[in-house]
1. In a Gaussian network model over chain B where Cα atoms closer than 10 Å are linked, find which of B:Leu170, B:Leu39, B:Leu245 has the largest mean-square fluctuation.
2. Got a sec? How would A:Glu183, B:Glu254 order by Cβ neighbour count within 10 Å, fewest to most?
3. Okay, which of segment A:110-144 sit inside 12 Å, backbone N to the point 7 Å along the Cα-Cβ direction of A:Thr252?
4. Using modelled amide H (1.01 Å from N, peptide plane; none on Pro or chain starts), what sits under 5 Å from the amide H of B:Val3, excluding residues fewer than 5 places away?
5. Between B:Ala227 and B:Glu201, what is the spin-label point distance in nm, taking each point 7 Å from the Cα along the Cα→C-beta axis?
6. So for segment A:2-177, averaging the separation of alpha carbon pairs under 8 Å that are six or more residues apart and normalising by length, what relative contact order in percent results?
7. Each residue of segment B:95-112 in turn: what ³J(HN,Hα) in whole Hz from Karplus with 6.51, -1.76, 1.60 and θ = phi - 60°, glycine and Pro shown as x?
8. How far, in whole Å, is the closest Cβ of chain A from the axis that maps A onto B, and which residue does it belong to?
There are 2 protein chains.
Amino acid sequence: MKVITKRNELINTMKEVSHQSLGLVPTMGNLHAGHMSLLESALNDCQQVVLTIFVNPKQFSANEDLSTYPRTPQEDLDKIKETAGNRANDIIVFMPEGNTEVYPPGFNTTISVSGITEKLCGKSRPTHFAGVTTVVYQLFTLINPARAYFGQKDYQQVCVIRKMAQDLNLNIDIKTVPIIREESGLALSSRNGYLSNEEKEIALNLPTKLEVIESLLKFNTWVDAGAQLNEILESTLSDKAWDYLDILDSKTLEDVDQNTKEVVIAGAYFVGDRPTRIIDNRLVEITYA
Amino acid sequence: MKVITKRNELINTMKEVSHQSLGLVPTMGNLHAGHMSLLESALNDCQQVVLTIFVNPKQFSANEDLSTYPRTPQEDLDKIKETAGNRANDIIVFMPEGNTEVYPPGFNTTISVSGITEKLCGKSRPTHFAGVTTVVYQLFTLINPARAYFGQKDYQQVCVIRKMAQDLNLNIDIKTVPIIREESGLALSSRNGYLSNEEKEIALNLPTKLEVIESLLKFNTWVDAGAQLNEILESTLSDKAWDYLDILDSKTLEDVDQNTKEVVIAGAYFVGDRPTRIIDNRLVEITYA
């Protein structure tokens, strides 16, 4: 396993790597089983994989948790090795030693997507996705992968990256890997580390609510579920702990209509004093009427 | 000479074209001798050249001249053929038949550069350069040239595109081609077509002022010229016809300092009732003290 901390070393290394069967797994580190399933998917599909660990300042706003975001580089490397098994030689880990390894001094360019970024998480995090698309684009051009792997947990993020890749004619296959959950049902997230056991209990309100809606939509048409769905949404959102709870066409992130084949049920929920904002979603196929 | 009006035809054609010696000349049409000198430079350096003609709506704000911007496709093609001479077979003209050939339906991505775009023309045209970088990036990825040619007249534009290319690791050589002027000294521009003969006379205030400053800086150090320069700037800018007149480090577009080797003297000037906003600039090497 090769570990690279400098931009120039990465650029030189990538010259020797074939683009054809290269996978990219971009992460912010503090790796958990969700990240490992991205790595496993990538190793399964690709001859070589670059996993990046970079807490990207551009995707945090001033009032967010950039400074306290968990950083565990040694544990991360151990986990990667363990997951890799006899494929360790096929993995390059890029963990830039500073922000200038990703954004050289004077870097001043932003790549942003409008429309799809203005709902769900984009409402309370209006600058977040431009930070995401800018860093992902940088990693794409530095690494030039054939495929890139993202977790379904950040569902809107995958949609935004897919849109950027389409609009900018990037020849990269964007792969979505299913959510990994704790036994309790809580979706894995590095930010779960901010939660006490009691808060984790409370956090289960999020996946539980998504499941209730999922069942409703599994056993009813969209039209038939309508009244009950509105009731659930209304009563849920009257609780200020919910940042949002929404059901959208999973392809377009637009409102559901007769052409919708699958919806994403997406929620964001505040837990604890800090507070910690957690997100989760479920995909479910629907029949409209 | 091949003329392409559809995105898909362009993409297919470019598959057969070698990137190594391909030049791109992006224009908004209504071609004049300034554009022809871009084409000549490109033909001189490259085996093949793509010249694009596209009035890019994204770089016009709502109160600007998008609808009246001169469109002269047949004359443009004639001029290109005339300039090309026996090299006509080496030229591909991309004149998209509609905006969706450049921006497919649902296109929602913006590439923007901060800092350098916030001065000079950026002050009165705050959304202009994001429109420019977004369209230029689209043309870059569709056409994949080794070199791209821009006129020095839009000096800030070249600096912004250079910055984007650097930040986004685009492997494209950005070439600047000197300004072509009418005999009177007025820099060629499609927008000169908006001016009456009397207005063209008045417009000469712009190049004349730039020349005065150029002389001052040619025969004095920056420090020695200081007092007189400030006087010129102050008295000039008290005339509301001037949008700006500024002297900046030509490399960084920052204020001149001891490291500055060359300055750009850049001005924008309103002429006539419409009014028409014309721009011009001169590059001059300086000694600081």
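1. B:Leu170
2. Ascending Cβ contact count within 10 Å gives the list A:Glu183, B:Glu254.
3. From segment A:110-144, the list is empty.
4. B:Val93
5. Placing both labels 7 Å along Cα→Cβ, they lie 3.7 nm apart.
6. Values: 275 pairs, mean separation 53.6, N = 176.
30 percent.
7. Listing the rounded values in order: 10, x, 7, x, 4, 6, 6, 9, 10, x, x, x, 4, 9, 9, 10, 10, 10 Hz.
8. A:Ile111, 3
Read the figures in this text as sums done on the coordinates, not as results from a lab. Note that the coordinates shown come from a computational prediction; the quantities given were computed from them, not determined experimentally. Don't worry about glycine lacking a Cβ; one is built from the backbone with ideal geometry, like all the others, and counts go over all protein chains shown.
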